[in-house]
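Please read the structure below before turning to the comments.
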Amino acid sequence: MFSIMGSLGTGRFGDYRGEFEPTKDMCRKERKNVELEEVGRLEYFNNHGDVPAIMERVVLSDKLENGRLVVLLEATGEKIGLLPSRYSNLLACMRKGFSYSGSVVYSTLKPFPKVEVDLYAEE
């Protein structure tokens, strides 16, 4: 079974139909150097005309943005970027009680706004 994430969603977890159920070990795995998508279109960039600094704390939202998982700046709750769809299994992990936080590990404005984060699981 294949699904296209975000095609007909309402922004709730119940809309997503994943291909498999991740194990707890998969959910606990660290995600390093995750390049966020849509950075130049989201709230943080629109509010500040900049990208967050390295070492800024981030959290993975429990709400979807256009059917996608979104990373927020922990201090303000502003949307920084969307997780690539290959990380969509984290949604199932969040349903199991996991949450994800971490920090910005790379950011630049040129040639286009780019942010990379490390994310760590918490049960």
For Phe112, the accessible surface traced by a 1.4 Å probe with all protein chains present amounts, in square angstrom to the nearest 10, to 110
SASA check, Glu38, accessible area w/ 1.4 Å probe, all protein chains in place, rounded to nearest 10 Å², comes out at 80
Put Asp62, Asp25, Asp118, Asp50 in order of accessible area, largest first, probe 1.4 Å, and you get Asp25, Asp62, Asp50, Asp118
Summed over the other residues with a beta carbon less than 12 angstrom from that of Val59, with K and R at +1 and D and E at -1, the charge totals -2
With Gly81 itself left out, Lys, Arg at +1 and Asp, Glu at -1 over residues whose Cβ is under 12 Å from its Cβ give -3
Under the rule rounded for a/c under 1.5, else prolate if a/b exceeds b/c, else oblate, using alpha carbon gyration tensor axes a ≥ b ≥ c, region 82-123 is classed as oblate
Over all pairs of different Cα atoms in region 34-123, the reciprocal of the mean inverse distance gives a Kirkwood radius in Å of 12.9
With every protein chain kept in place and a 1.4 Å probe, the residues Arg68, Arg31, Arg95, Arg86 fall, from largest accessible area down, as Arg86, Arg95, Arg68, Arg31
Contact order relative to length for region 61-123, counting C-alpha pairs under 8 Å separated by 6 or more residues, stands in percent at 22
Counting only protein heavy atoms with a 1.4 Å probe and every protein chain in place, the carbon and sulfur fraction of the accessible surface of region 26-123 in whole percent equals 46
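The values are calculated or read from the model by the stated rules, or taken from the named source; none is laboratory data. Note that the structure is a prediction, hence the values are computed from the model and not measured. Using ideal geometry, Cβ is built from the backbone for each residue, glycine included, and neighbour counts are taken over all protein chains shown. The accessibility values were calculated without ligands, DNA or RNA, using every heavy atom of the protein model including side chains. Shrake-Rupley method; radii C 1.70, N 1.55, O 1.52, S 1.80 Å.
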